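The block underneath contains the structure these notes are about, expressed in structure tokens.
Bear in mind these aren't lab numbers, they're just calculated from the coordinates by the rules spelled out. Bear in mind the structure is a predicted one, so any value in this text is a computation, not a measurement. Cβ placement follows ideal geometry from the backbone for every residue including glycine, while neighbour counts extend to all protein chains displayed.
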Amino acid sequence: MPKIRIKMIKPSRLSSFSANVVFSNEELLIEILLRLPVKSLVRCKCVSKKWSCIITCPEFTRLRVPCLNPARGLFLHCSSFLINPFHQFVSLSLENPIQAPFQKLSFVDDPSGIRILQSCNGLLLCCSFRAHGPNKNYYIYNPTTQQFITLPKPGGKRQISKVILGMKLALDPWKSTHYKVVCTRRSDKAPEHYQIEIYSSETKKWRVSGPPFPARYDIGFQYTGVYWNGAIYWECGDNSLRFNVEHEKLEKFPMPCIGRSWDDEEMRVAYYGESYGYLHLVQVHSRQKLTFYNIYEMKNDGTEWFLKYEVNVEDVVAAFPHMIRHYLEPTDWHYLAMAVLCVVRGEKEEDDFMVLHIPRMVIRYNLRGHTFYKLCEFGNSTNDDDQFEEVDEEYEVPITLISLEFGWFSAFQYIESLFCL
């Protein structure tokens, strides 16, 4: 019987051979890269120009994330840091917690410090913190890839940034490889009117959109604007506005129909935001217990709201009674030191939850199972930095006041994204 000779390949040669096969077969390479987590993909961009080109290609992003990407965490803005704001990061999962991409925004040397204005599908719209007027800069930042750009100032040489009332980012990476920024400013032609300007990442220029328009002084262009389904929605009771970014059309949009005006003192908006392709509004009514939240969801066509969840968080109050402000009446809006930071939709409805903030901690409340647990605790649980004393004027005795560190205006979603700036 003839002898069979087997030629052994050294491990180094075998590794080199496998690498050459992967490099030469782009389809195989893409299949491998699609299975890697985002952080590994960011490192893989440094392997070669070819790998970087594949990973940053919009088609690769669509293949990797064919639908909406859920939020993995929250950035909570701490405004007490006057030089460079600190951002507390909260991972939204206890099973697979993720580390904070950053605590202080230092991607550019801005002497005024940097704060987050908005989170939109993985990108952050940021601005100078303590600067005003023409000295204020605006940035687009991807916390996953750590890429950023500095936006040119609206108005060019006219330096109209001193009258800017708000900036909003409009990004839909599953429809376009470009984004837009919508600037709302005071009109320099019509008194008591506003003007919209649009920046396009495709042209890298600002341009005026439409004529000046009137609006309520308290509409809150800076804080209440939410990008959803191709439009920016500004909540302001019965005078709420939305701006269709593609068609550049400004119009009013309906609020939940509850039988009374939304300007009524008996109603409050506890939260307003977008998650996983859904627009939510959380409402509290003074004639109900303050532990009751009505969570509304906008229909996909933007025509009306419907009641998605009715939530009673009495069990949370019972578990953490230190949130009760006993020096106030139970009917007072501020009786409970509790704020809704975010409503998060999951891939399935049983995965939907609400993020609550009470003194010294953040809680995840599951909207289907009505269970809850702590996501994080700030500092030592015995730390009383969130409490201070004031003298009661009637009885002349000290009372302990309880404060909250964050509200929904200061909470921004972290969504992993490979979007290339």
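So here's what we get for this one:
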item: Most to least packed among 222-235, 202-215, 122-135 [average Cβ atoms within 10 Å]; result: 222-235, 122-135, 202-215
item: 29 Å Cα-Cα threshold exceeded, pairs from K189/K249; K45/K180; K45/K204; K104/K136; result: none
item: Binned Cα-Cα distance frequencies in the stretch 183-319 - 10 Å width, integer %; result: 10, 37, 31, 15, 6, 1
item: Between the stretch 313-358 and the stretch 164-182, the alpha-carbon center distance in angstrom; result: 32 Å
item: Label-to-label distance, nm, for residues given as F409 and S93 (7 Å Cα→Cβ offset); result: 3.3 nm
item: Inter-probe distance in nm under a simple model that places probes 7 Å from Cα toward Cβ, at H132 and L34; result: 5.3 nm
item: Spatial extent of the stretch 134-256: Rg and Dmax, with the Cα atoms as the point set, Å; result: 14.4, 43
item: Residue list for the stretch 112-131, given a label point 7 angstrom along the Cα-to-Cβ vector of A100 and an amide N cut-off under 16 Å; result: 114-116
item: Gain upon complete extension [N300, Y327; 0.36 nm per residue less C-alpha separation]; result: 5.4 nm
